[in-house]
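Nothing in this text is a laboratory measurement; each read-out follows from the coordinates by a stated rule. For clarity, every value in this text was computed on a predicted model and none was experimentally measured. Here the Cβ positions follow ideal geometry from the backbone for every residue, glycine too, while neighbour counts run over all protein chains shown.
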Amino acid sequence: MQKYDIAAYIWPAYTGKEPRAYQFWPEKHGEWESVKSAEKKFNGHCWPRKPVWGYQDEADPAVMEMQIKEALSHGVNIFIYDWYWYDNRPFLEQCLNDGFLKAKNSTDMKFCLMWANHDAGNAWDKRLSDIRPFYTIWNGAIDKKQFEFITKRNIEKYFVRENYYKIDGKPVFIIYDINNLIKGLGGVDGTAEAIEKFRNDTKKAGFKDLFLMLILNDSYYDLSGVDGNGKNFDSADIVKKLNFDGITHYQMAHFTDVNRDYEQIIPDMVKEWEKQSSRFSVPYFPHVSIGWDNNPRFHCLMENIAKNNTPENFEKALKLAKEFVDGKTLPVPLITINSWNEWTESSYLEPDNIYGYGYLDAVKNVFIK
């Protein structure tokens, strides 16, 4: 059995089976449309790129059967699905429901949900991203009634599955945007009540408890007055007040300057792991990002680009994450990776025409003997 839990985030937009996504990707192929149209912006820019496996529909169970097999053989044993709920209904669930869960070998791979409860805007629409990227189409904040509905739905639909990822028998559920969570649930106290209800419903379903995790982001470090009653909270207070069980990151772009050489970024990753590990009273699980370059989503040049993020350098970061886990007392040896397939942010494990299977082989070299 593999000693480490290596969890890769999945961006479930590489399918044409989500009708609500046609407003962003009108050719009905999901965000592959932005990947295909990606341009070289300057000499030395590593775009365009092409997937070795082709522009696959990741809501196809046969496709996911192959991807699960490749992931497991290279040491990735957990998929964390970005999960969305907009305008009173789910969004982009097809890759999980129709692809992953219907794959013949799906039970071989663990999975869990990260509720990507940020607002949705034009950043996904390349025709509009240069002009109004932050225009809000759907709000990520939801009220208590809807929160209770979706949490019960997720317990009954996903938590009960034998391959849903659990820590000490507790289903793992990850929250991306703490600001939107608190805003929708009526402040810090209201959020604490809603989370306690979520825990109780999870226990009623037969589980020991809920393992609730938070994604850290620089913008979360100052939450002054978010509950509307004059109290001041920083993220350490929020984690304690809301009774989170663990923390991690989603992308290195959230905590460091990515516009430089990857070898310069690696020490800052390690510093961040140590900082957050000592700052919080709950476990911090280290995060490694493969890269950052979101130019495929834009016609104009987006200058924040991680450079020299070769598979060899990525492997160096993974070795340090392994050392970090080995040196800590954690409930599980979990490391999160961005990501399995964030092509339009240039941070993916899936093989491409530049490095082939290099990034997957890096994971294999470190975590499979």
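Report the trypsin sites (Lys or Arg not before Pro) located in the range 1-36 that are in a DSSP loop and have at most 13 other Cβ atoms inside 10 Å of their Cβ, or state none.
Loop-located and lightly packed - 3, 28.
Given a 10 angstrom Cα cut-off, can you work out which residue in 287, 299, 249 is the most mobile in a GNM of the chain?
Maximum fluctuation in the GNM of the chain, among the listed residues, is at 299.
How high is the relative contact order of the chain, given as a whole-number percent (alpha carbon pairs under 8 Å, six or more residues apart)?
Rounded, it is 19 percent for the chain.
Work out which GluC sites (Glu not before Pro) in the chain are exposed loop sites (DSSP not H, G, I, E or B, at most 13 other Cβ within 10 Å) and give the longest gap free of them.
163-302
With 10 angstrom as the radius, rank 279, 89, 297 by how many other C-beta atoms surround their C-beta, starting from the fewest.
89, 279, 297
In deg cm²/dmol and to the nearest 500, what is the mean residue ellipticity at 222 nm of the chain if only DSSP H runs of at least 4 residues count, each as -39500 (n - 2.57), divided by the residue total?
Helix contribution divided over all residues of the chain: -8500 deg cm²/dmol.
Choose one of 151, 291, 301: the residue whose Cα lies farthest towards the positive end of the charge dipole of the range 5-367 (beta-carbon charges +1 Lys, Arg; -1 Asp, Glu; about the Cα centre).
151
Calculate, axis by axis, the spread of Cα positions in the chain along the three principal axes, and write the results as whole Å, longest axis first.
Projected onto its principal axes, the Cα set of the chain covers 53, 45, 43 Å.
If you place +1 on the Cβ of every Lys and Arg and -1 on the Cβ of every Asp and Glu, how big does the dipole about the Cα centre of the range 5-367 come out, in debye to the nearest 20?
Around 640 debye, computed over the range 5-367.
Please report the antiparallel percentage of DSSP beta bridges with both residues in the chain, rounded to the nearest 5.
25 percent
Once the dipole of the range 5-367 is set up with Lys and Arg at +1 and Asp and Glu at -1 on Cβ about the Cα centre, which of 62, 202, 100 lies farthest towards its positive end?
202
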